[in-house]
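K.L.:
Dumping the structure here so I can ask a few things about it.
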Amino acid sequence: MTFNAEDFPNRFDHAQAQQRIYAMWEERGYFNSDPDPKRKPFTIVIPPPNVTGALHLGHALNNTLQDVLIRARRMQGYNALWMPGTDHAGIATQAVVEKRLREEEGKTRHDLGREKLVERIWQWKQQYEGRILGQLKRLGASCDWRRTRFTLDDTCARAVRHTFFDLFNKGFIYRGKRLVNWDTFLQTAVSDDEVEQKTVKGHFWHFRYPVIDPQPGEPQFVTIATTRPETMLGDTAIAVHPDPAAALDKLEAELKEKLAKAPGKEKAGVEAQIDETRRRRETMLPLLVKLRDMALDGRMVMLPLLDREISLVADEWARPEMGSGCVKITPAHDPNDYDVGLRCDLPMINILNPDGTLNENGGPYKGLNIQQARKNVVTDMEAAGLLESVEDREIELPHSDRSKTPIEPFLADQWFVRMDELAQSAMDAVSDGRVKIFPPRYAKGYLDWLSEKRDWPVSRQLWWGHQIPVWSQICRDKETADRLIAQLDGDADVAAGRVSYQLELDVEREAAERHDHTVRGAAKVKIPYGTLHVCILAEDDKLAARYEKQGYVREEDVLDTWFSSALWPHSTLGWPEKTPELEYYYPTSTLITSRDIITLWVARMVLTGLNNMGDVPFREVFIHPKILDGEGETMSKSKGNGIDPLDVIDKFGADALRYGMTYLTTETQDVRMPVQFECPHCEELINQTRKNRELPRIACSKCNKPFSTQWARTAEDLALPRGAVVSERFELGRNFCNKLWNAARFALINMPEFEAGPVADSDLAVEDRWVLSRLATVTQEVTDALQEYHYADAARALYDFAWDEFCSFYVEMVKHRLQDESSRVAAQRVLAHTLDVLLRLLHPILPFITEEMWQLLAKAAPRRGLPKPTPAAESIMIAEWPIADAARRDARIEDRFAQFQQALGALREIRARQNIAPKNELEFTVRCSAETADLLQPMEPYFASMANAHSIGWGENVEPPKTNATVSLPGMDIIVDLKDYIDVEAECARLKKQQDKLAGLIQGKEKKLSNAGFVDKAPADVVARERESLAELQQQLETVRTALADMNCKS
RNA sequence: GGGCCGUUAGCUCAGUUGGCUAGAGCGCCGCCUUUACACGGCGGAUGUCGGCGGUUCAAGUCCGUCACGGCCCACCA
C-alpha cells in the first residue's frame, strides 16, 4: 500500500484512535488469560480502587506502571494476568452516601434503616464501579475484565467468612473491651491509621480532689491537671509514682548524660531541666512519698461533683517530674489510663454515649455534649473552690480522617486479630527474601511496624461491609455458661467443624470481684459473668436461625475493609475453592502500590496469604513515588489541586499521560508536578497558586476571558465553560508521541512497494550499522530497566534513542538513499525493521500510538525484519518482545558516529555563530590524525546533507585557509574557510572564552598529574587517561591560540 | 521523640560500583515556514552539586554533623 503525505495526517488523533483500538483489543480477547500449564504465568492483582469516587492522578500512576509491566511480560511470552477489581471501602463509602442522604433528603442512616441504607450504597457502588473501570479502560489498562472482583461480592465474602472462622477457631480472633478511637460523628470506631493528630489551642486545668479523712501530716487535697476536665466524671483513681525518689534520680542521671552529648545551644535547656528536677526533689518529694504511702495503705480520695470515692494507686505512669506529680486516671477514656486501669484492676467507667453526649455515669451532666459538659464541670469546680489554676496550652488532639471531628477514646466491645504469630510469619517472609520489596529501604518500615505485633482491631460499627459471622449470648453467671457450653459440645455442627465457639470472660467483673470495687464504684448494674460467642463458617440461614432461637444474637458490626482487601491475592482467584486459577497463578508475581499502605495492606496480605495458602501472596513488591503538586502538597479534590486523569487524556492523550507517569517513576519518595488551569477559550495554561486554586472563577491571563473551576456554585459561574486542571508536564509525552508519529509518517510515505527480504551485510550503510548497533544496546537497556522497575530509565532510554538517534540522525541520513534506486531497497528494509523494533519496545508505555503505527506499518510492510523478514503480528499487543541482537553491536561504528556528530556540531555551531544562511555551502578542513581522517572521510556525503558543508582537506598537516573559524575538539580541529562571512569580534570573543576554559582545565590536570600520590596510587589506566586528556587539551589550546593570533584579536 | 526521603541550571528532575570538560525536558536568547514533524529544526547562555568537617591520589557520589523542606510512626496528665 502507498501512503501519500496529503492524506496522511501529521497529528495523531488520539481521541478517535484510543477508543477504536481499545475496542479491538478487547474484542479479540487479548486481555484474557486462562491457566495453561504449558506456559509460565505472570500475575498482578490490582490494588482495588475505592468505589468512593473517581480515579485521581495517583491511580493513573499506579495503574500505568502495572500495565507497562503486564504488557511487557505478555510480549515476552508469559501468560500474563492482570486481575482487576474494586474495594468497598467501608467507612469512606458509607460516609459519602450518608452525607448525600443528609444533604439531599435531610435523613440519617437511622431514618432509613440498615437494609435500605445498604441498598443505597450498592446503587452508589454500581455507578462508581462502572465509572472507575471505564477510567481504567481509557488509560489503556489491559486487565482481564471477565475476572473483575469486588471486595464485597460473593466470592470475596466466602473468603472472608472462611478466614474469620479459621482465625476464630485457632483463637487468633477474640472480642475484648478496648479503648477505641471513637468518631462521635460517624458513630464508629476508627483504626489508629484513620486518625491524624492536630495541634489546637486548649487549656490546662489544675483541679483539687479532697483526701478522705486526712490524718495529721497528710495533705487535705491532691492536685491533678487535665486538658479534658469533663473526663474527671469517669475517673476511678489518682496515681502517684511508686518510688518517686528513684524516678527523679534516674531522670537526673539521664539528663546529665544528655547534657554531655548535647550541642552547645541545647545545653542551657538541659541544664534548666536538671535544675527543675533538683528543685522538685527538694520541694515535692516529701509530699509524693507521703501520697505513695497512702496509696499503699489503700486510702481513697473524693471525686468532686459526683461525690464518688476513688482509689489512690501507685503506678509508674505517674511521673514525679510532670505537673503535680499526681495524675487522674480515667481508664475508659484515655489509652494510658486504660493501661493503668488494667495494671491496678481499676473499674472502668464509660461516661459517653455513642453520639458523644454524656450518659448516666455523668450524673447531673448527663445528656450534655462534650463542650457543654466541659464548661459546666469547670464552672462547678471553680464554684466548689477546687479549681487551682488554668493555663493556656497547645495540645495535640486526635481527629478522625473521615469526619474531621475530634476523636474520643471510648471503651467498647471490639473484635481483634491476635497478631503475634501472624505478624512474625509476615516478618520472616520479607527477612528471608520470599517477598522482595523494591526499593529495599521500604522493608524497614514494614518490619518495624509488624515487630510491634499490636493486635488488629477489625470490627467497625458500620452497616456497609462484611458483617461479622458471630452470634453471641450473655451469660449472667458461670452456671449458665457451663450449661450452654455443654450444649455446644454436643452440637453436631460444632463436631463437624462448621461452627466454633468461644467464651469471653468479663474483664471488669474479674477485676471487680478481686477488689470489690462494685461496692464503691459507679457500676450500678450487675456485671455478667461473660459472653459466649458462636461463629458459623458458611452463610446458612437455617443454622443461624437455630442459634438465634437458642438466644444467640448476631453481631451487628462489620469487619474493617482491610480484612477483605488482605485476602485479595487469593480471594480473587477463588479461594477457598481449589480453583485451577489459584493453583496456576498463586503466588502472584508483583504487587505495585504506594508507600502509604505498606503496613495497612501489603503486610496484611502477606500474613493472610501465609495463613490461608501457606505461601506468600506475591514474590515482589514495587513501591512507587507519590505525586505532589508544585507547592509540595498532596493533591486532593478538597484543595482544588487535583488533576483528573481524564482531563489529561482528553487534552494530551492516554499515551502522553502514561509516558509522563513512567518518566517520573524513579526511586525517589515523591515527585512534584506543578499544576495549571487550562483556559477553555484559548488553551493557555495558567499556573495554579494557593490563592487562585480556591476561586470559583478565573480570568485567563492571555485572552482575559473568564472560566469556572470546581468551586463554581452561582448560576453565573456555572454558566461559564470549565477550566480543566492539568499539568504542562504532560507536554513532554505528547510531543514525543508527535515526533514518533511523524517519523513513522515519513517512513511510510517513503516505502511504497516495499519488498520484504534480507539485507546483505555489504549493503548495509554506515548509518544502518550504527542504528542497528544502538538499537541492540537500547533493547537491552529497556529490557533490563523494566526488569528492575527502573521505569524512568526505560522511558528516557527510549526517548533519547527515538528522538536523538533514530529521528535526528538515522532518518535524516537515510533520506537521500531513499531517493536512490540502487540503495533504496536496503534502506527501506533497515528502516522498517528499526521502526518495528522501536515500536515494540515502546508499546508497554505507549500502547495506543504504537498500535496505530503498527497497523499502518503492516499495510506498507506486512512482512519485515532483519536478518530474515517474518509476517508481522496482527497486533503489537501480541507481538514478541525484541531480543537484543548482540552481534549487531559495533563499537567502531559507534565511535565513528560520536566523532562525526561532534564534527557536525562544530560546523553547525560555526554557521550559527557567523550567521551563515543554510543555503550557503561551507568549506571546511579537518586537522586530525590519519586514523581519524580514515574514520570520518567516508561520512563526507552526510556533512553535505546535514550541514551543507564539504571538506577540502584532511590530515595532520592540513593548511587552513587564512580567514577561518575554528572549533577545537578532542582529537581534531574543525576549520571553516570563511572568506568574507566572518564576524571577527564574535569569533575572537568565543576563542578567548574557550582559551580561558582550556587553560583552567589544563591547570587542574597538571596539578593532578604532578601530585605524586595520584600517579602512584591511582590505577594506571586512570593516570594514562588523564595524561592523554591533558595532551589533547594542550593541543586544543594551541589551536585556539594560533587562531587568536591569526585573527589579530585584541588580547 | 524514632525512622525514612529530598536539597544538582529560573522550574521539574537524571547522574549506576568514587575517576575523562556534571546532563535532560521545560523556560530563556539567536537563527530557520530545509518537501516527517513549529507538539518542529539548528545553535547558544545559565551550576560555589544546601552549609561545615572527614576519609581518599581523587567526592555531586562514601562517612559525620548542621540547616531547610517533606513523609511515615509513636506521643505524656
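The values are calculated or read from the model by the stated rules, or taken from the named source; none is laboratory data. None of these values were measured; they are calculated from a predicted model. Here Cβ is always computed from backbone atoms with ideal geometry, including for glycine, and neighbour counts include all displayed protein chains. These area figures cover heavy atoms from the full protein model, side chains too; ligands, DNA and RNA do not enter into them. Shrake-Rupley method; radii C 1.70, N 1.55, O 1.52, S 1.80 Å.
K.L.:
Restricting to region A:649-686, name every residue that is touching a residue at least 12 places away in the same chain (Cβ under 8 Å), more than 30 Å from A:ALA797 (Cα to Cα) and not β-branched (Val, Ile, Thr). Lay out the reasoning, then the answer.
P.N.:
Of region A:649-686, the ones touching a residue at least 12 places away in the same chain (Cβ under 8 Å) are A:649-682, A:684-686.
From what's left, more than 30 Å from A:ALA797 (Cα to Cα): A:677-682, A:684, A:686.
Result: A:PHE677, A:GLU678, A:CYS679, A:PRO680, A:HIS681, A:CYS682, A:GLU684.
K.L.:
If A:TYR442 meets every condition in (1) under 30 Å from A:GLN220 (Cβ atoms); (2) within 16 Å of RNA strand B (Cβ to nearest atom); (3) crowded, with 17+ Cβ neighbours inside 10 Å apart from one, which number is that one?
P.N.:
Among (1) under 30 Å from A:GLN220 (Cβ atoms); (2) within 16 Å of RNA strand B (Cβ to nearest atom); (3) crowded, with 17+ Cβ neighbours inside 10 Å, A:TYR442 violates only (1).
K.L.:
Shifting gears a bit: Yes or no: region A:961-975 includes at least one residue that is in a loop (DSSP other than H, G, I, E, B), within 15 Å of RNA strand B (Cβ to nearest atom) and modelled with pLDDT of 85 or more.
P.N.:
Start the filter on region A:961-975 by keeping residues that are in a loop (DSSP other than H, G, I, E, B), which leaves A:961-963, A:970-971.
Pick out the ones that are also within 15 Å of RNA strand B (Cβ to nearest atom) and you get A:970-971.
From what's left, modelled with pLDDT of 85 or more: none.
No.
K.L.:
A further question follows. Restricting attention to region A:639-663, which residues are within 14 Å of RNA strand B (Cβ to nearest atom), open to solvent by 10 Å² or more (accessible area, probe 1.4 Å) and assigned to a loop (DSSP other than H, G, I, E, B)?
P.N.:
Correct list: A:LYS639 only.
K.L.:
Do any helices (runs of 4 or more DSSP H) lying entirely in region A:368-486 carry at least 2 residues that are farther than 30 Å from A:PRO625 by Cβ, and which ones are they? Quick ask: steps written out before the conclusion?
P.N.:
Details: elements: A:370-383, A:420-431, A:442-451.
Of the helices (runs of 4 or more DSSP H) lying wholly inside region A:368-486, those with at least 2 residues that are farther than 30 Å from A:PRO625 by Cβ span A:370-383, A:420-431.
K.L.:
Among the residues of region A:161-197, write down those that are over 30 Å from A:ARG498 (Cβ atoms) and within 16 Å of RNA strand B (Cβ to nearest atom).
P.N.:
Taking region A:161-197 as the starting set, the residues that turn out to be over 30 Å from A:ARG498 (Cβ atoms) are A:179-188, A:190-197.
Once the filter is applied, which keeps residues that are over 30 Å from A:ARG498 (Cβ atoms) and within 16 Å of RNA strand B (Cβ to nearest atom), region A:161-197 yields A:LEU179, A:VAL180, A:ASN181, A:TRP182, A:VAL190, A:SER191, A:ASP192, A:ASP193, A:GLU194, A:VAL195, A:GLU196, A:GLN197.
K.L.:
For the condition open to solvent by less than 30 Å² (accessible area, probe 1.4 Å), closer than 25 Å to A:GLU196 by Cβ and either acidic (Asp, Glu) or away from RNA strand B (no atom under 12 Å from the Cβ) (or both), what is the one hit in A:VAL458, A:VAL435?
P.N.:
Details: A:VAL435 fails: closer than 25 Å to A:GLU196 by Cβ.
Criteria check complete, one pass: A:VAL458.
K.L.:
Hand me the list of helices (runs of 4 or more DSSP H) wholly inside region A:890-956 holding 1 or more residues that are more than 10 Å from RNA strand B (Cβ to nearest atom), among the hydrophobic types (A, V, I, L, M, F, W, C) and under 12 Å from A:MET972 (Cβ atoms). Don't jump to the end; show me each part of the working.
P.N.:
Numbers: elements: A:891-913, A:930-936, A:940-947.
Counting at least 1 such residues, we get A:891-913, A:930-936.
K.L.:
For A:THR405, state whether it is out of contact with any Ser or Thr (no Cβ under 6 Å at 6 or more places or on another chain), farther than 29 Å from A:GLN94 by Cβ and among the hydroxyl-bearing types (Ser, Thr, Tyr). Explain how you work it out, then say what you get.
P.N.:
Numbers: out of contact with any Ser or Thr (no Cβ under 6 Å at 6 or more places or on another chain): yes; farther than 29 Å from A:GLN94 by Cβ: no; among the hydroxyl-bearing types (Ser, Thr, Tyr): yes.
Judged against the criteria, A:THR405 is not a match.
Conditions tested, residue by residue: (1) among the small types (Gly, Ala, Ser); (2) under 30 Å from A:ILE349 (Cα atoms); (3) in contact with a helix residue (DSSP H, G or I) (Cβ under 6 Å, 6 or more places away or on another chain).
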{"site": "A:ARG114", "(1), (2), (3)": "no, yes, no"}
{"site": "A:GLN126", "(1), (2), (3)": "no, no, no"}
{"site": "A:ARG131", "(1), (2), (3)": "no, no, no"}
{"site": "A:VAL160", "(1), (2), (3)": "no, no, yes"}
{"site": "A:GLY171", "(1), (2), (3)": "yes, yes, no"}
{"site": "A:PRO210", "(1), (2), (3)": "no, yes, no"}
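K.L.:
Another question, then. How do the pairs read when you match residues in region A:897-925 that are in contact (Cβ under 8 Å) with a residue 12 or more places away in the chain with residues anywhere that are of a type in the set (Lys, Arg) and near RNA strand B (Cβ under 10 Å from one of its atoms), using Cβ under 8 Å and keeping only pairs 6 or more apart or on different chains?
P.N.:
Every condition considered, the pairs that remain are A:ARG913/A:ARG990; A:PRO918/A:ARG911; A:LEU922/A:ARG911.
K.L.:
Across region A:200-220, what is the total count of residues that are among the small types (Gly, Ala, Ser) and part of a strand (DSSP E or B)? Quick ask: steps written out before the conclusion?
P.N.:
Step one: filter region A:200-220 for residues among the small types (Gly, Ala, Ser), giving A:202, A:217.
Restricting the remaining residues to those that are part of a strand (DSSP E or B) gives A:202.
Qualifying residue count, region A:200-220: 1.
K.L.:
Another one. Checking A:LEU133 against (1) part of a helix (DSSP H, G or I); (2) closer than 30 Å to A:VAL68 by Cα; (3) open to solvent by less than 20 Å² (accessible area, probe 1.4 Å): exactly one of these is not met. Which one?
P.N.:
The failed condition is (3).
K.L.:
Quick one: A:THR870 ticks every box in (1) away from RNA strand B (no atom under 14 Å from the Cβ); (2) open to solvent by 10 Å² or more (accessible area, probe 1.4 Å); (3) touching a residue at least 40 places away in the same chain (Cβ under 8 Å) except a single one, so which number is it?
P.N.:
(3)
K.L.:
Follow-up. From (1) open to solvent by 70 Å² or more (accessible area, probe 1.4 Å); (2) under 22 Å from A:ASN957 (Cβ atoms), pick out the condition that doesn't hold for A:LYS997.
P.N.:
(2)
K.L.:
Can you confirm whether A:ASN692 is more than 24 Å from A:ASN63 (Cβ to Cβ) and either in contact (Cβ under 8 Å) with a residue 60 or more places away in the chain or open to solvent by 70 Å² or more (accessible area, probe 1.4 Å) (or both)? Step through it out loud before you land on a result.
P.N.:
Working: more than 24 Å from A:ASN63 (Cβ to Cβ): yes; either in contact (Cβ under 8 Å) with a residue 60 or more places away in the chain or open to solvent by 70 Å² or more (accessible area, probe 1.4 Å) (or both): no.
No: the conditions fail for A:ASN692.
K.L.:
Now, a different point. If A:CYS475 satisfies all but one of (1) within 16 Å of RNA strand B (Cβ to nearest atom); (2) surrounded by 19 or more Cβ atoms within 10 Å (Cβ to Cβ); (3) closer than 30 Å to A:ASP355 by Cα, what's the number of the condition it fails?
P.N.:
In the conditions (1) within 16 Å of RNA strand B (Cβ to nearest atom); (2) surrounded by 19 or more Cβ atoms within 10 Å (Cβ to Cβ); (3) closer than 30 Å to A:ASP355 by Cα, A:CYS475 misses (1) alone.
K.L.:
Listed residues A:LEU537, A:LEU591, A:LEU543, A:LEU582; which is aliphatic (A, V, I, L, M) and open to solvent by less than 10 Å² (accessible area, probe 1.4 Å)?
P.N.:
Numbers: A:LEU537 fails: open to solvent by less than 10 Å² (accessible area, probe 1.4 Å); A:LEU543 fails: open to solvent by less than 10 Å² (accessible area, probe 1.4 Å); A:LEU582 fails: open to solvent by less than 10 Å² (accessible area, probe 1.4 Å).
The conditions single out A:LEU591.
K.L.:
Is one or more of the residues making up region A:580-599 in a loop (DSSP other than H, G, I, E, B) and modelled with pLDDT of 90 or more? Walk me through it before giving the result.
P.N.:
Going residue by residue through region A:580-599, those that are in a loop (DSSP other than H, G, I, E, B) are A:586-587.
So of that shortlist, the ones also modelled with pLDDT of 90 or more come out as A:586-587.
Yes, region A:580-599 contains a residue that is in a loop (DSSP other than H, G, I, E, B) and modelled with pLDDT of 90 or more.
K.L.:
Can you work out which of the residues in region A:198-230 that are acidic (Asp, Glu) and open to solvent by less than 50 Å² (accessible area, probe 1.4 Å) is nearest to RNA strand B (Cβ to nearest atom)? Can you show your working first?
P.N.:
Initially, region A:198-230 is screened for residues acidic (Asp, Glu), giving A:213, A:218, A:230.
Remaining after also requiring open to solvent by less than 50 Å² (accessible area, probe 1.4 Å): A:218, A:230.
Values: A:GLU218: 20, A:GLU230: 11 Å.
So, considering only residues that are acidic (Asp, Glu) and open to solvent by less than 50 Å² (accessible area, probe 1.4 Å), the one nearest to RNA strand B (Cβ to nearest atom) is A:GLU230.
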